[in-house]
Each structure stands twice: as C-alpha cells, then as structure tokens.
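Chemist: Sharing a structure, written as structure tokens. Questions coming.
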Amino acid sequence: MTNKILELKDVRVNYGNIQALKGVNLNVAEGEIVSLIGANGAGKSTLLKSIVGLESLTNGNITFNGSSIRDAGKNRKLNLPTDKIIASGISLVPEGRGVFPEMTVLENLEMGAYLLRDKAEKKRRIEEKYEMFGILRDRRKQLAGSLSGGEQQMLAIARALMSSPKLLLLDEPALGLAPLIIQNIFATISKISREEKVTIFLVEQNAKMALSISDKGYVMETGNIILEDLSSNLLENPKVKAAYLGE
Amino acid sequence: MNLFNIPSNELLQHLINGLTLGAIYSLIALGYTMVYGILKFINFAHGEILMAGTYAGYYFYYFLYDPSKGAAYTIGIFIAALVIAMIASAILGVVIEKVAYKPLRKAPRLAPLLSAIGVSIILANLAALFFGTKSKKFEYPFNNSSMDIGGSSITPNQLMILAVGLIMMAGLKLFVDRTRLGKAMRATSQNQPVAALMGINVNLIISLTFAIGSALAAVAGVLIALEYKVYPTMGTMAGLKAFIAAVVGGIGNISGAMLGGIILGLLETFGVVILGIPQGLKDTIAFSVLILILLLRPSGILMKNIREKV
Ligand SMILES: Nc1ncnc2c1ncn2[C@@H]1O[C@H](COP(=O)(O)OP(=O)(O)OP(=O)(O)O)[C@@H](O)[C@H]1O
Ligand SMILES: [Mg+2]
C-alpha cells in the first residue's frame with residue numbers, strides 16, 4: 001500500500017456564517033499528482049489555505065506524513081502555525097502567484113529558501129532553478145512585479161521549490177494565462193513530479209489539463225467532494241464531461 | 001551665492017538647522033512608516049513610546065551622573081543612556097503591539113487606531129503621574145558652546161544629531177536591504193500571507209518592526225530632550241510632525257520617511273526665514289504641507305505605483 005502523505009478528515013471551514021468547506025475527506029499518496037477541480041467559489045483555495053494554516057478548521061483534522069498539522073481542537077501540538085508547516089516540507093504556490101512585486105527575481109527565490117541557513121546550498125538551489133527556468137536567470141535582477149503573468153507563475157513555482165518540499169500545492173497555476181503558456185506550465189509540473197520526487201496536489205478550473213497530467217482527481221462542488229476517481233476515469237465520466245470539460 | 005537675499009553664511013546656518021530638525025523627524029517617521037508598511041495601521045502611540053524611552057534614558061543618566069568623574073565618563077554614561085532608552089522603547093513598543101493591537105488584527109480598521117489613541121493617552125497620563133508634569137532638564141554630556149564654521153554658529157549637539165541620524169538611517173537601510181531578517185520584513189510588508197508561506201514567522205517580524213521603530217524614536221527622543229527637556233507630552237507634537245513627514249515621503253516607504261523628515265525640517269526652517277512666517281506659526285507649515293500633499297500626491301513623493309500583474 002502506498003504511503004498517504006496528506007490526509008484530510010471531515011474538514012470544515014467557515015467564513016462567518018458561510019460554510020466554505022462542509023466536511024472534506026481527501027488523501028494524496030506519496031509520489032502522485034492529484035488534482036482537485038471545481039467551479040468558482042467551490043472552496044478550492046480555502047482547502048489549500050486550510051492545509052497550510054492560513055485558515056482555521058471548525059471541524060476535522062489534517063495530517064502530513066502521518067502527523068497532525070491542523071486540527072479543529074484546542075490542542076496546540078496538533079495545530080501548527082504556517083511557518084512550522086512550511087518547515088515540515090509543504091509549499092504552496094498561491095492563487096494569483098503572490099510574487100513579492102518590489103523584490104527582484106533573485107530575492108524572491110531567496111525568500112523561498114528563507115528557512116535554509118546553508119548559503120552554499122541556497123546558491124546551488126538557485127542555480128538549479130535557473131537551469132529549470134532559463135527566463136528567470138535572464139531576469140534575475142528585475143523586479144518581480146515587472147514580469148509578465150507567465151513569468152511570474154514560473155517564478156512562483158521556482159520559489160516554492162526553493163525549500164525542497166515533499167509536497168507541492170498549486171492553486172490554479174493556469175489562471176489568466178495564454179493557452180501556449182498553460183501547456184508549458186503543465187509540462188513543467190509533470191517534469192517536477194518526475195524529476196524532483198515531489199508529490200503534487202493541484203487545484204484547477206482547467207479540468208482537462210489538470211486531469212490529463214494527474215493520477216487521481218477529486219471534483220468539488222460548493223464545499224463538498226462529489227466525485228473521486230482515477231483521472232483517466234474522470235476524463236471519461238459523463239458528468240465531468242458535461243460540467244467541466246465542455247463536451 | 002545669494003539665494004532670496006540670504007547671505008551664504010546664514011544660508012549654511014539655516015541649512016544645518018533644517019537638517020538637524022529633519023534628521024529628528026526622519027528617525028521618528030521611520031517607526032510610523034515601518035509599522036504602516038506591515039500592518040497598514042498608524043501607531044498613534046508612537047510619540048508616547050518615544051517619551052517613555054526618553055524618561056528611561058534620563059533616569060539612567062542621572063542615576064550615574066557625576067561631573068567629578070570627568071568628560072569621558074559623562075559621554076560614556078550618555079551613550080549607555082541612549083542604549084537604555086532604545087531598549088526601553090523597543091520593549092514597550094513590542095508589548096503594546098501584543099496587548100493592544102494584535103488581538104484586534106482581524107477587527108475593523110478603526111478598532112486598532114482607537115486602541116492606539118487610547119494607549120497614547122494612558123502612557124502620557126501615567127508619565128505625568130509617576131514623573132510629574134514639570135519638564136526635566138537633560139544636561140548636554142559635553143560642552144555645547146557653538147563653534148564658528150564658515151561664518152555660521154553650529155553646536156556640537158547639532159553635529160551629534162546629524163551624525164547619529166546618519167548612522168542610524170544608514171544602518172537601517174543596510175539591515176532592510178541586505179540581511180535575511182530585513183528581507184523578511186520587506187516580504188511581510190509586500191504580502192503577509194505569502195511571507196508566511198515562505199516559512200517566515202510573521203508575528204516575530206511584526207515584533208521586530210515595532211522594536212526597531214520604537215528604538216529609533218527613543219534615539220530621537222533623547223536628542224530632542226537635550227534641546228527641549230523631558231516632559232510627559234514631549235512626544236505628541238514631534239510624533240505628529242514625524243507622521244506628516246512619513247506621509248510626505250509616502251507612508252510605508254522607508255527611504256520616503258527619511259526624505260520626508262529632511263524635507264519637512266528644511267521647509268519649517270526656511271519657511272520662517274524666506275516666507276517670513278512668524279516663529280509662533282511655524283507648526284502651521286507642517287500641517288499645510290500635509291494638506292497639500294494629500295491634495296496633490298496622496299501616495300507621497302516617493303511612492304512607486306508598481307502593481308502586481310494579473
Ligand atoms: N476571506 C473570506 N471571507 C468570506 N468569504 C470567503 C472568504 N474567502 C472565500 N470566501 C467564500 O468561500 C467560498 C469558497 O471560496 P474559495 O476562494 O475557496 O473558492 P475557489 O474554489 O478557490 O474559487 P475560485 O476558483 O474562484 O478561486 C466562496 O463562496 C467565497 O465567497
Ligand atoms: Mg481559488
């Protein structure tokens with residue numbers, strides 16, 4: 001049996017009176033690419049934010065590598081703050097990329113390895129990211145805010161990899177990008193999964209792309225998981241086809 | 001040179017006067033701007049944090065003060081008093097944030113602002129209660145008789161203010177631009193949740209910001225005290241002026257606060273000389289500048305308009 005690197009049990013999150021997550025059960029096995037698809041407002045970003053501690057659970061529990069990182073209870077040991085969760089090996093590429101606009105490309109990459117004290121290793125990782133994304137090397141002295149959307153997405157992904165995470169979470173990496181660039185981004189995500197031994201949990205509205213590169217998929221509707229299957233099956237599922245693939 | 005019919009020696013004199021005043025404003029303005037940069041909130045207790053640190057430095061100085069021990073000793077305890085003032089203000093700033101602002105981080109914007117005004121009134125009243133309302137003279141640690149430089153008379157204290165201001169500001173700039181924690185501070189001010197995603201302990205950075213801003217204000221407080229004494233409301237007007245300086249430079253922008261302070265100091269000084277504004281109305285200059293800036297360039301003179309591309 002494969003090792004569950006991430007597991008969510010009956011996770012609920014509220015914003016005031018709005019229930020954004022209504023009891024989500026989900027797991028990601030080590031080495032897989034798992035995608036979560038859903039329409040606007042389904043609760044996808046909320047789910048990712050709750051994993052990294054940017055939103056609090058009102059119910060349920062989240063474990064990473066078998067130990068609790070978020071919990072609805074009062075026990076602080078089960079409920080780590082964001083910086084500790086990052087330190088334990090999770091990275092999130094946030095929706096809208098979230099590069100630091102007034103920092104250079106190089107400084108953005110450095111921030112990604114904030115917890116790493118070893119300067120030589122930091123340098124090695126930066127060099128490695130330049131190899132992976134040549135455009136970032138050319139733009140290293142440029143302010144991140146002046147990059148194009150696609151370049152910012154590359155930077156956000158490279159930055160997230162700077163901490164050498166075991167689990168990479170991606171929130172709509174295709175958002176607002178041209179089709180050719182979207183293909184490029186998804187090819188990069190596949191490549192990262194193959195070559196870097198990083199488990200990937202991908203949230204997308206671009207269902208076709210997400211399902212075509214992932215092993216397993218979940219479908220979310222208004223705070224609930226309504227479908228869970230192998231991605232290849234979901235691509236053939238009539239309901240998914242009608243609602244998310246426009247066929 | 002004969003600008004506005006002012007003889008060049010007087011021009012130098014006014015320039016030095018304006019720069020010293022400006023350096024003081026800059027030191028205080030940095031605290032407002034750094035806190036605003038990170039929390040998008042004006043710490044209206046900043047002037048009173050300055051006052052409290054100055055009292056700490058004052059009492060430490062007079063606890064050890066002994067003119068019979070010579071000039072070097074006096075300068076030594078003065079430097080120590082400056083450090084004590086910085087530490088006291090830093091601790092107070094950090095504690096105030098934890099007690100009065102942090103619990104209100106998710107409350108409507110107005111709540112922490114009102115809390116800050118409350119804290120400032122409490123601190124000024126506590127100071128009056130414990131230290132008395134009478135001003136206390138803070139003796140110069142050196143002979144402050146003025147020197148003749150290029151036909152204008154400049155005091156050693158003015159030179160000290162310029163030197164200390166320069167060192168503090170250069171140090172801060174280096175810290176923010178070059179060090180790991182400084183970069184974390186910039187990252188946190190640009191995007192707090194994403195900074196947390198880098199593994200930055202955002203609460204620690206917020207505390208550090210309050211500590212540094214408050215310590216810089218304490219330096220300004222001690223320097224002001226040498227010229228104008230120590231009293232419970234000493235931070236109020238200086239704080240307001242420095243707040244204006246921060247707005248002039250572009251609130252949230254560190255270089256802007258430095259520049260805004262210097263500009264305001266020069267405007268106040270030259271406003272009196274050139275426009276013939278009576279000394280008694282000198283304070284109106286700063287507030288007029290504030291209104292002008294808010295009308296003409298509300299984001300301040302140095303605020304860049306870089307937007308995140310979507
Ligand atoms: N900070 C917030 N305060 C109040 N409601 C919120 C907040 N953030 C999200 N919501 C609500 O929670 C629900 C889920 O939002 P979420 O951002 O998780 O959706 P999403 O699936 O990521 O959508 P999208 O594809 O548009 O990014 C929505 O109804 C949204 O309006
Ligand atoms: Mg979203």
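Chemist: Take residue B:287 and tell me if it is open to solvent by 30 Å² or more (accessible area, probe 1.4 Å), in contact (Cβ under 8 Å) with a residue 60 or more places away in the chain and assigned to a helix (DSSP H, G or I).
Modeler: On the way: open to solvent by 30 Å² or more (accessible area, probe 1.4 Å): yes; in contact (Cβ under 8 Å) with a residue 60 or more places away in the chain: no; assigned to a helix (DSSP H, G or I): yes.
No, not satisfied.
Chemist: Out of region A:81-99, which residues are more than 7 Å from chain B (Cβ to nearest Cβ) and either touching a Phe, Trp or Tyr at 6+ places or on another chain (Cβ under 9 Å) or of a type in the set (D, E, K, R) (or both)?
Modeler: Correct list: A:84, A:85, A:88, A:89, A:90, A:95, A:97.
Chemist: Could you count how many residues in region A:225-244 are surrounded by fewer than 16 Cβ atoms within 10 Å (Cβ to Cβ) and at pLDDT below 90?
Modeler: Residues flagged as surrounded by fewer than 16 Cβ atoms within 10 Å (Cβ to Cβ) and at pLDDT below 90 within region A:225-244 amount to 4.
Chemist: When region A:30-62 is examined, which residues are found to be away from chain B (no Cβ under 14 Å) and within 16 Å of ligand 2 (Cβ to nearest atom)?
Modeler: Restricting attention to region A:30-62, the residues satisfying the condition of being away from chain B (no Cβ under 14 Å) are A:30-44, A:47, A:57-62.
Correct list: A:35, A:36, A:37, A:38, A:39, A:40, A:41, A:42, A:43, A:44, A:47.
Chemist: Then there is this: Can we say residue A:107 is within 16 Å of ligand 2 (Cβ to nearest atom) and within 14 Å of another protein chain (Cβ to nearest Cβ)? Spell out how you get there, then give the answer.
Modeler: Details: within 16 Å of ligand 2 (Cβ to nearest atom): no; within 14 Å of another protein chain (Cβ to nearest Cβ): yes.
It is false that residue A:107 is within 16 Å of ligand 2 (Cβ to nearest atom) and within 14 Å of another protein chain (Cβ to nearest Cβ).
Chemist: Just need a number here: residues in region B:91-118 that are farther than 15 Å from residue B:207 by Cβ and charged (D, E, K, R). Give the derivation first.
Modeler: In the first step, residues of region B:91-118 are kept if they are farther than 15 Å from residue B:207 by Cβ; the result is B:104, B:106-118.
This time we only want the ones that are charged (D, E, K, R), so: B:106, B:109.
Here the count works out to 2.
Chemist: Filter region A:212-224 down to residues that are open to solvent by less than 10 Å² (accessible area, probe 1.4 Å) and either over 16 Å from residue A:29 (Cα atoms) or without any contact (Cβ under 8 Å) to a residue 60 or more places away in the chain (or both) and give me whichever is farthest from ligand 2 (Cβ to nearest atom). Spell out how you get there, then give the answer.
Modeler: Taking region A:212-224 first, the residues open to solvent by less than 10 Å² (accessible area, probe 1.4 Å) are A:217-220, A:223.
Checking the rest, the ones that are also either over 16 Å from residue A:29 (Cα atoms) or without any contact (Cβ under 8 Å) to a residue 60 or more places away in the chain (or both) come to A:219-220, A:223.
On the way: A:219: 15, A:220: 11, A:223: 13 Å.
Looking at the filtered set, the residue picked out is A:219.
Chemist: When the residues of region A:110-138 are filtered to those that are farther than 22 Å from residue B:203 by Cα and among the basic types (Lys, Arg), which remaining residue is farthest from the other protein chains (Cβ to nearest Cβ)? Talk me through it step by step, then tell me what you get.
Modeler: Filtering region A:110-138 down to residues farther than 22 Å from residue B:203 by Cα leaves A:118-138.
Subset that is among the basic types (Lys, Arg): A:119, A:122-125, A:129, A:137.
Working: A:119: 10, A:122: 10, A:123: 14, A:124: 17, A:125: 14, A:129: 15, A:137: 20 Å.
Within region A:110-138, the match that is farthest from the other protein chains (Cβ to nearest Cβ) is A:137.
Chemist: Considering region B:124-134 alone, what residues qualify as being open to solvent by 30 Å² or more (accessible area, probe 1.4 Å) and in contact with a helix residue (DSSP H, G or I) (Cβ under 8 Å, 6 or more places away or on another chain)?
Modeler: Result: B:131, single match.
Chemist: Of the residues that make up region A:168-180, is at least one within 16 Å of ligand 2 (Cβ to nearest atom) and open to solvent by 50 Å² or more (accessible area, probe 1.4 Å)?
Modeler: As a first pass, look at region A:168-180 and keep what is within 16 Å of ligand 2 (Cβ to nearest atom): A:169-177.
Adding the requirement that they be open to solvent by 50 Å² or more (accessible area, probe 1.4 Å) leaves A:175-176.
Among the residues of region A:168-180, at least one is within 16 Å of ligand 2 (Cβ to nearest atom) and open to solvent by 50 Å² or more (accessible area, probe 1.4 Å), which makes the answer yes.
Chemist: Looking only at region A:184-202, decide whether some residue is within 16 Å of ligand 2 (Cβ to nearest atom) and either in a strand (DSSP E or B) or free of Cβ contacts under 8 Å to residues at least 12 places away in the same chain (or both). Walk me through it before giving the result.
Modeler: Step one: filter region A:184-202 for residues within 16 Å of ligand 2 (Cβ to nearest atom), giving A:201-202.
Pick out the ones that are also either in a strand (DSSP E or B) or free of Cβ contacts under 8 Å to residues at least 12 places away in the same chain (or both) and you get A:201-202.
Yes: region A:184-202 contains one or more residues that are within 16 Å of ligand 2 (Cβ to nearest atom) and either in a strand (DSSP E or B) or free of Cβ contacts under 8 Å to residues at least 12 places away in the same chain (or both).
Chemist: Further question on the same structure: Return the total of residues in region A:139-179 being facing chain B (nearest Cβ under 10 Å), part of a loop (DSSP other than H, G, I, E, B) and more than 21 Å from residue A:83 (Cβ to Cβ).
Modeler: Residues meeting the conditions: 4.
Rundown of residues vs (1) under 30 Å from residue A:117 (Cα atoms); (2) within 21 Å of the chain's Cα centre (by Cα), yes/no style:
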| residue | (1), (2) |
| --- | --- |
| B:97 | yes, yes |
| B:151 | no, no |
| B:164 | no, yes |
| B:186 | yes, yes |
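Chemist: OK, next. How many of the residues in region A:190-211 are open to solvent by 70 Å² or more (accessible area, probe 1.4 Å) and away from ligand 1 (no atom under 16 Å from the Cβ)?
Modeler: Residues meeting the conditions: 4.
Chemist: In the set B:69, B:98, which member is open to solvent by 40 Å² or more (accessible area, probe 1.4 Å) and under 23 Å from residue B:30 (Cβ atoms)?
Modeler: Values: B:69 fails: under 23 Å from residue B:30 (Cβ atoms).
Matching residue, one of B:69, B:98: B:98.
Chemist: So, residue A:175, is that one over 30 Å from residue A:66 (Cβ atoms) and touching a residue at least 60 places away in the same chain (Cβ under 8 Å) or not? Working first, answer last.
Modeler: On the way: over 30 Å from residue A:66 (Cβ atoms): yes; touching a residue at least 60 places away in the same chain (Cβ under 8 Å): yes.
Here the answer is yes, as residue A:175 does meet what is asked.
Chemist: Which is modelled with pLDDT of 90 or more, in contact with a strand residue (DSSP E or B) (Cβ under 9 Å, 6 or more places away or on another chain), among the aliphatic types (A, V, I, L, M) and open to solvent by less than 60 Å² (accessible area, probe 1.4 Å), of B:225, B:257, B:238? Step through it out loud before you land on a result.
Modeler: Details: B:257 fails: in contact with a strand residue (DSSP E or B) (Cβ under 9 Å, 6 or more places away or on another chain); B:238 fails: in contact with a strand residue (DSSP E or B) (Cβ under 9 Å, 6 or more places away or on another chain).
Just one listed residue meets the conditions, B:225.
Chemist: Here is a follow-up. Mind checking which helices (runs of 4 or more DSSP H) fall wholly inside region A:18-135 and carry at least 1 residues that are touching a strand residue (DSSP E or B) at 6+ places or on another chain (Cβ under 7 Å) and open to solvent by 20 Å² or more (accessible area, probe 1.4 Å)? Talk me through it step by step, then tell me what you get.
Modeler: Details: elements: A:44-51, A:82-87, A:105-112, A:119-132.
Of the helices (runs of 4 or more DSSP H) lying wholly inside region A:18-135, those with at least 1 residues that are touching a strand residue (DSSP E or B) at 6+ places or on another chain (Cβ under 7 Å) and open to solvent by 20 Å² or more (accessible area, probe 1.4 Å) span A:44-51.
Chemist: Hey, does region A:65-85 have a residue that's within 16 Å of ligand 2 (Cβ to nearest atom) and charged (D, E, K, R)? Write out each step before concluding.
Modeler: Restricting attention to region A:65-85, the residues satisfying the condition of being within 16 Å of ligand 2 (Cβ to nearest atom) are none.
Scanning region A:65-85, I find no residue that is within 16 Å of ligand 2 (Cβ to nearest atom) and charged (D, E, K, R), so the answer is no.
The values are calculated or read from the model by the stated rules, or taken from the named source; none is laboratory data. What you see is a predicted model; the values in this text were computed from it and never measured. FYI the Cβ positions are ideal-geometry reconstructions off the backbone, even for glycines, and counts take in every protein chain you see. Quick note on the areas: whole protein, heavy atoms, side chains included, nothing else; ligands and nucleic acids left out. Shrake-Rupley method; radii C 1.70, N 1.55, O 1.52, S 1.80 Å.
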